[in-house]
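Asks: I'd like to ask some things about the structure below.
The values are calculated or read from the model by the stated rules, or taken from the named source; none is laboratory data. Here the structure is a predicted model, which is why all the values come from computation and not from measurement. With ideal geometry, Cβ positions are generated from the backbone for all residues, glycine too; neighbour counts draw on all protein chains shown.
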Amino acid sequence: VSDDGRDDTTKRPSAPPRTALLGFSIPAMEALDRVGRPFIAVVPKEFEGYMKEHGIAYEVWDFARLNERSGDLAKRLADRGIEVAVPLYEETVEWAGALNGHFRDDPRLFTRYLLFRDKAMMKRRAQMYGIHVGVFEEAESKADVLRFLNRVNQALVKIEGDVADPVHLKPLASAGSVGHRVLATPEQIENLSDDEFPCLLESHLDGQEFSCEVFIHRGKIRFLNINEYVHLGYSNFSPAGPRLQKWRPQIREAVEDLIEAFEIDDGMIHPEFFITDEGKISFGEVAARVPGGHIFELIESAYGFDPFLAFILCVDPRTTEEELADLFPDESDFQCYSGCLMVYPKRRVVTRVEVPTSLLEEDYYERHNLFVPVNTKVAERVGFGNHYGTVYFKGSDATKMRDLLLEYEKADFYVADSPSERQDAAS
Amino acid sequence: MNSPEGTKATPSQRVLDRLSEKLDHWLGEVEKAKPFARSGYQTEVFQIAETLMGSMEGLRLLYERAHLFESKQVFQGGPWADASKLQPALVKGSLIGAGVYPVVETMSELRLLAVAAGRATDSALTRDEARDFLNEVMALNLEFVFPGDTEQERIEGGPHRDSNLRLFALIAEEIGLDSLRDEVVSEIEQVTAQHPVLTQRVRRMVRMAARIPGPDPNSDTSRRLATFSRAVEGPTELSRKYPQYVEYRTAVKEADRDTLAQEAHDFAESMYATGLVAAHHAILLRHLRAKEHELLPLALHLNDLGAAELAQNAETVDQLIQVAVLPGTAQSIYGLRGVLERGLLSRQEVTAGLTRLITLDLTTDVRRMLLRQRERKSGNTANSVLVAGTLSVLGSPLGVGQGRNPTCQAARGISLWAQHAPGFLIELIIAASRDGAIDLPFEGKTWRSDQLHSSKSLELDLDLDPVSVVLVPHLDRLYDQLMKLVALRGEDGHKWVNPALYGRWVPTGFASVFSNPAQTVVSGYEDFVRRFFATHHPAYNDGHALMYPNPVGLCVTNSHGEYLGPHAVSLQRIEPDPRGQLRAYFYNPNNEGRQNWGEDVRPSVSGHGENPGESSLPFDDFVARLYAFHYNPYEEGDAYAVPDLDLKRIEAAARNSWGRAFTWEPTL
């Protein structure tokens, strides 16, 4: 026990839990279980059976409803000794804000977390603090979108006949790229449905897109991962290759600006940026939960530490310097580049999975989890979400990684066997 | 035997080495993982396994590790976890399915193969048990052991058909095919002994069995199999000579009377012996109807009563043959025979009902479901499928099966009404096919099936006879609703639901071993057994025979005597068998062939005085698996006279089998 009362509870399972995990996540629970740190999982009703079956401490909560009863949940958790709430999913972020605000008696915490839940608000905040962002507007209707598209292209001094620069439409409060649309023509705008409003509109930013996974404790960056998007929604790898890494100092500065702008003391953020060949960085958006795209898995595979544990420890203000020092490696000390391809069927109906032999032969190929979908009819894709399976790669050369991810994006992993196709093959 | 090995490019040794290295790694991770986190690591193993299943070399590599699967907890947390609870009948459904199921199922078979080979010694199964299990799995999956190359077989083999072929090639290679033929033929005999209404599956098995190489065509097994093959493909001289329907029809038209009589005789004998009807039989019957009416009794294998019934109802029979008896629905000939021998056509309500079905307006749903039942190009209309199905059910009431559905209750109702209320059954069929709904009054309120929802009926597997296809969705919803209504009454709801659902044939007295509605605590077991003796055992119940089938509940167990679940059967009669042993004869809607309930309790379907469709057990064995029955409270005999020794023995048998899964309240 250190003298300031921050006793190390991690190795004493008998200690009362002080961490609440918001949302059901097996790797997060596993991370805490591994270090013998007790916790309570706050999960939606449908996971209650699972928690009971495995004897895991839990509270049932419906995160979808309005935030007004967070006081109840805070009290229930506080009565059980909880002092820290960790948001694992997008819809739990404001709950973490509210709960941590209750635990620390700091109502402003909640408001700060709310910034993460409104993409227009977070951009405005960044802009007010002098961070470079594209042009953006909130839109209430299709007319707003059309006007925004026209104004942006006028500003780019396009004349009739030029190809219009696209604009981006994003829901105000959805995870990552869910609901993200790219619009360049009045027809595309006309096809939008009314339930997509209100939303955020952004001008198109040129350059390489990347994300950062920033582990922050006591206002300081403890670990900064740069994750390279190869094709947003389809493939990425960590850490980013040399082309991005050479801007690491500038990227670090941009992230520090963001931390200051958002007054973040403890936790993990997952901002997305664009960078031009000249090193000009523009801010896209930022989230405060576990990132998508399997990025945590990629970080673990590349750097060898458990990002879930890191996230949870960083959210807790009582985590010690020693614990953090034990956990994080040097940012330049990675074992390999670790990438993944998110696979989505290219056909409307799929009946079989076909993995090219060349992939199995590939040195960088690690593993995949493509199984024959139980439902042969392919679901409509929402934004860049709901991929059907993932292929993982690992290797020492970033360029090769990039090429492989792009090459196998073209592969047709989910195939259909129609009787006529078969006959063609047989004859 | 076809070799599936060439169906896919063989991965290089380097790939196989990498995969096996990864497999070992992830097997270790699965073992290390906490149970709550294990499923993620299991998925990694399943994925590698799926890749390995893609080639024979890979499959062997997987098999080399199969003895480790159980100890590494590969199956933990899923339906495959306990090897002793696996059921051969479920294997195929998983193998041809999607998602991760075919992979887990394959790995499960490999682990059993390792047990059978003596490589895995820590399993819940012995070597012999694993071998028996795999033999039965092969018997039920002959299309994988001996694949054909028809388009239909390819489609029905599922997305992993090639892997399945490799799996069965490996199983056959490891445990051999020596006993398979016997296995299959005895399975066919057990199933056909029950004269099932739905014969597609057993016909398929007969056809498949012909693919099994048998060195000795004169062996007993070969001869037994040949009887079934002929029954299906053509048991008469002309039908063998002219397998094509059109040619057979021409041959029949040109045949003289003696030839026709010979044909009629041979078809009839084959049908009588096997319960299976050849498609050509329908063509002959249609011809006889028009041209040689007096040969019909011979062709139908009718006894005197049946022949008299036919003479009296010639016009109706003509009409029924014309509508329902086509090559695609030839099995209904066996039903027609039963209907005649049971004298059902002399009942005005049956004749009128059947005639009504011929022209009934069907709802679109019913029409679609019925048409899906018929074979392609059969020429049957939806109405003709329905009439044929109704004849079959009325002619073999104990041949009704629940298929792969958890709907034993509905099957039991159909069977009961077919026996004792044929007019009522036809009324239900008419209501369900014309109105798309069945009404059922219960305690002053009438429930309509089309206004009820049941998640279960949405997933109904339609591999059922036409009458069940039409009725089961409705009966199942009504049954669910009634059980919901009585759920809080503090006793087993079947006490009220059975008489309401099945009708006034069910006596209102009701006894159950469970004292609470959740059915977790057994109490008053001795009283329960005494009461059953006093109401059902001829030595203690004043010699009353059962008047109607009694809907009773059994605790079904696996071959280790472990409780699997409650099951609805109908007690048909209690009588001494030909050897003088008192037996309970019952209708079991699951139509299974060989059954082994553990502790030497094996229901038989033939050889102990069973009528077709009946299962039977020695009286005491039956009582020991019983958990609920109905009785007439005014017909209780001498409960006090039942010897203590019998009671003790039955209670011990109950406690040692299904009873292990329950809490027993001490006897007061």
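Asks: Can you find even one residue in segment B:492-501 that is surrounded by 21 or more Cβ atoms within 10 Å (Cβ to Cβ) and either farther than 28 Å from B:GLN572 by Cα or touching a Ser or Thr at 6+ places or on another chain (Cβ under 6 Å) (or both)?
Replies: yes
Asks: Just to confirm my filter: which helices (runs of 4 or more DSSP H) fall fully inside segment B:75-185 and include at least 2 residues that are within 23 Å of the chain's Cα centre (by Cα) and away from chain A (no Cβ under 14 Å)?
Replies: The helices (runs of 4 or more DSSP H) meeting that bar are B:88-95, B:127-140, B:142-145.
Asks: Identify, please: which residue in segment B:7-32 is at the interface with chain A (Cβ under 8 Å from one of its Cβ atoms) and of a type in the set (Gly, Ala, Ser) and is, among those, surrounded by the fewest Cβ atoms within 10 Å (Cβ to Cβ)?
Replies: B:ALA9
Asks: When only residues in segment A:323-362 that are facing chain B (nearest Cβ under 9 Å) and touching a strand residue (DSSP E or B) at 6+ places or on another chain (Cβ under 9 Å) count, which is farthest from A:PHE393 (Cα to Cα)?
Replies: Looking only at segment A:323-362, we keep the residues that are facing chain B (nearest Cβ under 9 Å), and these are A:351-353, A:355, A:357, A:360-361.
After this cut, where a residue has to be touching a strand residue (DSSP E or B) at 6+ places or on another chain (Cβ under 9 Å) as well, the list is A:351-353, A:355.
Details: A:THR351: 25, A:ARG352: 22, A:VAL353: 19, A:VAL355: 14 Å.
Per the stated criteria, the residue is A:THR351.
Asks: Hey, another quick one. Just the residues that are more than 20 Å from B:PRO406 (Cα to Cα) and either of a type outside the set (Gly, Ala, Ser) or buried (at least 24 other Cβ atoms within 10 Å of the Cβ) (or both), please, taken from segment B:586-602.
Replies: Those that are more than 20 Å from B:PRO406 (Cα to Cα) and either of a type outside the set (Gly, Ala, Ser) or buried (at least 24 other Cβ atoms within 10 Å of the Cβ) (or both): B:GLU599, B:ASP600, B:VAL601, B:ARG602.
Residues are listed down the side, and each one gets a yes or a no for (1) among the charged types (D, E, K, R); (2) surrounded by fewer than 18 Cβ atoms within 10 Å (Cβ to Cβ); (3) touching a Gly at 6+ places or on another chain (Cβ under 7 Å); (4) away from every other protein chain (no Cβ under 14 Å):
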| site | (1), (2), (3), (4) |
| --- | --- |
| A:ARG34 | yes, yes, no, no |
| A:ASP62 | yes, yes, no, yes |
| A:ARG65 | yes, yes, no, yes |
| A:SER70 | no, no, no, yes |
| A:GLY81 | no, yes, no, yes |
| A:GLY97 | no, no, no, yes |
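Asks: Under the condition of being of a type in the set (D, E, K, R) and in contact with a Pro (Cβ under 9 Å, 6 or more places away or on another chain), which residue from segment A:118-141 is farthest from A:GLU91 (Cα to Cα)?
Replies: A:GLU140
Asks: Name the strands (runs of 3 or more DSSP E) wholly inside segment B:514-600 in which the number of residues that are farther than 16 Å from B:VAL623 by Cβ is 2 or more.
Replies: Values: elements: B:550-557, B:563-576, B:582-587.
By residue number, B:563-576.
Asks: For segment A:67-107, how many residues are in contact with a strand residue (DSSP E or B) (Cβ under 9 Å, 6 or more places away or on another chain) and in a loop (DSSP other than H, G, I, E, B)?
Replies: 6
Asks: Please verify whether segment B:427-444 includes one or more residues that are within 26 Å of B:TYR587 (Cα to Cα), within 23 Å of the chain's Cα centre (by Cα) and part of a loop (DSSP other than H, G, I, E, B).
Replies: Checked segment B:427-444: no residue is within 26 Å of B:TYR587 (Cα to Cα), within 23 Å of the chain's Cα centre (by Cα) and part of a loop (DSSP other than H, G, I, E, B).
Asks: Could you please give the count of residues in segment B:465-484 that are modelled with pLDDT under 90 and among the aliphatic types (A, V, I, L, M)?
Replies: 1
Asks: State whether the residues of segment B:50-64 include one that is touching a strand residue (DSSP E or B) at 6+ places or on another chain (Cβ under 9 Å) and either in contact (Cβ under 8 Å) with a residue 60 or more places away in the chain or within 14 Å of another protein chain (Cβ to nearest Cβ) (or both). Walk me through it before giving the result.
Replies: From segment B:50-64, those touching a strand residue (DSSP E or B) at 6+ places or on another chain (Cβ under 9 Å) are B:50-51; that's our starting set.
Subset that is either in contact (Cβ under 8 Å) with a residue 60 or more places away in the chain or within 14 Å of another protein chain (Cβ to nearest Cβ) (or both): B:50-51.
For segment B:50-64, residues touching a strand residue (DSSP E or B) at 6+ places or on another chain (Cβ under 9 Å) and either in contact (Cβ under 8 Å) with a residue 60 or more places away in the chain or within 14 Å of another protein chain (Cβ to nearest Cβ) (or both): present.
Asks: For segment A:112-121, does any single residue satisfy the condition of being in contact with a strand residue (DSSP E or B) (Cβ under 7 Å, 6 or more places away or on another chain) and free of Cβ contacts under 8 Å to residues at least 60 places away in the same chain?
Replies: No: zero hits.
Asks: Now for a different question. So if I check each of B:ALA139, B:ALA89, B:ALA130, which one is under 24 Å from B:GLU592 (Cα atoms), touching a Leu at 6+ places or on another chain (Cβ under 6 Å) and small (Gly, Ala, Ser)?
Replies: Only one candidate passes the filter, namely B:ALA130.
Asks: Looking at A:GLU213, A:GLU209, which one is crowded, with 22+ Cβ neighbours inside 10 Å and part of a strand (DSSP E or B)?
Replies: A:GLU213
Asks: Name the one entry in A:PRO329, A:PRO345 that is assigned to a loop (DSSP other than H, G, I, E, B) and surrounded by 18 or more Cβ atoms within 10 Å (Cβ to Cβ).
Replies: A:PRO345
Asks: Counting only residues that are among the aromatic types (Phe, Trp, Tyr) and at the interface with another protein chain (Cβ under 9 Å from one of its Cβ atoms), which one in segment B:33-49 is nearest to B:VAL104 (Cα to Cα)?
Replies: B:PHE46
Asks: For segment A:122-137, how many residues are touching a strand residue (DSSP E or B) at 6+ places or on another chain (Cβ under 6 Å), more than 14 Å from A:ALA287 (Cα to Cα) and touching a residue at least 24 places away in the same chain (Cβ under 8 Å)?
Replies: Within segment A:122-137, residues that are touching a strand residue (DSSP E or B) at 6+ places or on another chain (Cβ under 6 Å), more than 14 Å from A:ALA287 (Cα to Cα) and touching a residue at least 24 places away in the same chain (Cβ under 8 Å) number 7.
Asks: Report whether or not A:ILE131 is more than 23 Å from the chain's Cα centre (by Cα) and surrounded by 14 or more Cβ atoms within 10 Å (Cβ to Cβ). Steps first, answer last, please.
Replies: Numbers: more than 23 Å from the chain's Cα centre (by Cα): no; surrounded by 14 or more Cβ atoms within 10 Å (Cβ to Cβ): yes.
Criteria not met by A:ILE131.
Asks: Right, something else. Tell me the residue from A:PHE308, A:PHE393 that is within 14 Å of another protein chain (Cβ to nearest Cβ), closer than 30 Å to A:LEU32 by Cβ, aromatic (Phe, Trp, Tyr) and touching a Gly at 6+ places or on another chain (Cβ under 6 Å), please.
Replies: Among A:PHE308, A:PHE393, only A:PHE393 is within 14 Å of another protein chain (Cβ to nearest Cβ), closer than 30 Å to A:LEU32 by Cβ, aromatic (Phe, Trp, Tyr) and touching a Gly at 6+ places or on another chain (Cβ under 6 Å).
Asks: Same structure again: Any residue at all in segment B:607-615 that is touching a strand residue (DSSP E or B) at 6+ places or on another chain (Cβ under 6 Å) and surrounded by fewer than 20 Cβ atoms within 10 Å (Cβ to Cβ)?
Replies: Step one: filter segment B:607-615 for residues touching a strand residue (DSSP E or B) at 6+ places or on another chain (Cβ under 6 Å), giving B:608, B:610, B:614-615.
Of the ones still in play, those that are also surrounded by fewer than 20 Cβ atoms within 10 Å (Cβ to Cβ) are B:608.
Yes: one or more hits.
Asks: Still on this structure, I have one more. Quick check, is A:SER25 polar (S, T, N, Q) and within 14 Å of chain B (Cβ to nearest Cβ)?
Replies: yes
Asks: If you don't mind, another one. Of all residues in segment B:186-222, which are in contact with a Ser or Thr (Cβ under 8 Å, 6 or more places away or on another chain), buried (at least 22 other Cβ atoms within 10 Å of the Cβ) and either modelled with pLDDT under 90 or assigned to a helix (DSSP H, G or I) (or both)?
Replies: B:THR192, B:VAL202, B:VAL206, B:ALA209, listed by residue number.
Asks: Here's something else I'd like to know. Just one of (1) under 28 Å from B:SER415 (Cβ atoms); (2) part of a helix (DSSP H, G or I); (3) touching a strand residue (DSSP E or B) at 6+ places or on another chain (Cβ under 8 Å) trips up B:HIS630, so point out which.
Replies: So B:HIS630 meets the others, but not (2).
Asks: Would you mind telling me which numbered condition in (1) in contact with a Leu (Cβ under 6 Å, 6 or more places away or on another chain); (2) surrounded by fewer than 24 Cβ atoms within 10 Å (Cβ to Cβ); (3) not polar (S, T, N, Q) B:LEU460 fails?
Replies: (1)
Asks: Another question, then. Scanning for something part of a strand (DSSP E or B) and at pLDDT below 85, does segment A:219-229 turn up at least one residue?
Replies: So far as segment A:219-229 goes, no, none of its residues is part of a strand (DSSP E or B) and at pLDDT below 85.
Asks: Here's something else I'd like to know. Could you list all residues from segment A:195-220 that are without any contact (Cβ under 8 Å) to a residue 12 or more places away in the chain and under 13 Å from A:ALA139 (Cα atoms)? Show your work before the answer.
Replies: Within segment A:195-220, the first condition is being without any contact (Cβ under 8 Å) to a residue 12 or more places away in the chain, and the residues that meet it are A:195, A:220.
Selection gives A:ASP195 alone.
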